[in-house]
Each structure stands twice: as structure tokens, then as C-alpha cells.
Amino acid sequence: MSEAFYIQLGGVLEAHANRAFLREKTKSTVKAVETARRDLIHFGGFEDCGSAYEGYHAEAKGAHTQAVAMKVSAEKNYKAKKMAFIEAFGDPARAALAERLGVEATAAA
């Protein structure tokens, strides 16, 4: 295989790892929003600290929105890199992805 093959393969694998990381980050932000919402319901009505819990909830929702946007961008990036790699190198690319990512060679397309 050529050097370009391994460079593009590395790019696809990096995009795959980034996508997996952002999926986990999105899951953790969902939990943070749920926790902040629960706290807001329980403690948001108090005069001395209610506004703080409103702020925590808004902050958690903002972090979740940002994580979702980053995840969508990472998904698009991964798909684009994977398709470019497969189009450039064909069956060897499919086999390399199947070997390294644990997907079927026919499903790599």
C-alpha cells in the first residue's frame, strides 16, 4: 500500500475516535441537563438560590446544544472521510476499515 493510503486511513480512524468521544460527551451532557432540571424543580422556587439554579439549568442546556452540534459535525466529517477513502482505494480500503473498526467489509461503504 502507498503512503497516501495510510495517511487517509489514519484520518478516517481519527475521525472515528473523535465521533465516539463526542457521542459519550453528548450522553454526559444529557445527564447534566436532567440533573440541573431536577434541581431547578426542587430548589428553583427559593428566593435566595432560585436564580442560581435557573442559571445552572440554562448553562447545562447550552453545553448540551453545543455537544450535539459538535457530534453532528463529527458524524459528517467521519462519513465524508470514509467515503473519500473508499472511493480512492476501493476494496483494500473496505478491508482495512473492516479489520481496524470491526465492521463488515460490505457494510463499510
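The values are calculated or read from the model by the stated rules, or taken from the named source; none is laboratory data. All values derive from a computational prediction rather than experimental measurement. Virtual Cβ from ideal backbone geometry, glycine too; neighbours counted across all protein chains shown.
Got a sec? Which of Ala63, Ala80, Ala67 is surrounded by 19 or more Cβ atoms within 10 Å (Cβ to Cβ), under 20 Å from the mean Cα position of the chain (by Cα), farther than 14 Å from Leu13 by Cβ and at pLDDT 95 or above? Break it down stepwise before answering.
Numbers: Ala63 fails: surrounded by 19 or more Cβ atoms within 10 Å (Cβ to Cβ); Ala80 fails: surrounded by 19 or more Cβ atoms within 10 Å (Cβ to Cβ).
Answer to the check: Ala67.
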Among the numbered criteria (1) loosely packed, with under 12 Cβ neighbours inside 10 Å; (2) out of contact with any helix residue (DSSP H, G or I) (no Cβ under 9 Å at 6 or more places or on another chain), which one does Gly55 miss? (1)
Where Thr26 falls short, out of the listed (1) within 30 Å of Ala96 (Cα to Cα); (2) out of contact with any helix residue (DSSP H, G or I) (no Cβ under 9 Å at 6 or more places or on another chain); (3) among the hydroxyl-bearing types (Ser, Thr, Tyr): (2)
Taking first residues from the stretch 3-16 that are within 11 Å of Lys81 (Cα to Cα) and second residues anywhere that are among the aromatic types (Phe, Trp, Tyr), the pairs with Cβ under 7 Å that are 6 or more apart or on different chains are Gln8/Phe85; Leu9/Phe85; Val12/Phe85; Ala15/Tyr78; His16/Tyr78
Would you confirm, using the coordinates I've provided, whether Ala17 is surrounded by 15 or more Cβ atoms within 10 Å (Cβ to Cβ), of a type in the set (A, V, I, L, M, F, W, C) and outside any loop (DSSP other than H, G, I, E, B)? no
What pairs come up if the first residue lies in the stretch 49-76 and is more than 23 Å from Arg19 (Cβ to Cβ), the second is outside any helix (DSSP H, G or I), and their beta carbons are under 7 Å apart, counting only those six or more places apart or on different chains? Gly50/Gly44; Tyr53/Gly44; Glu54/Gly44
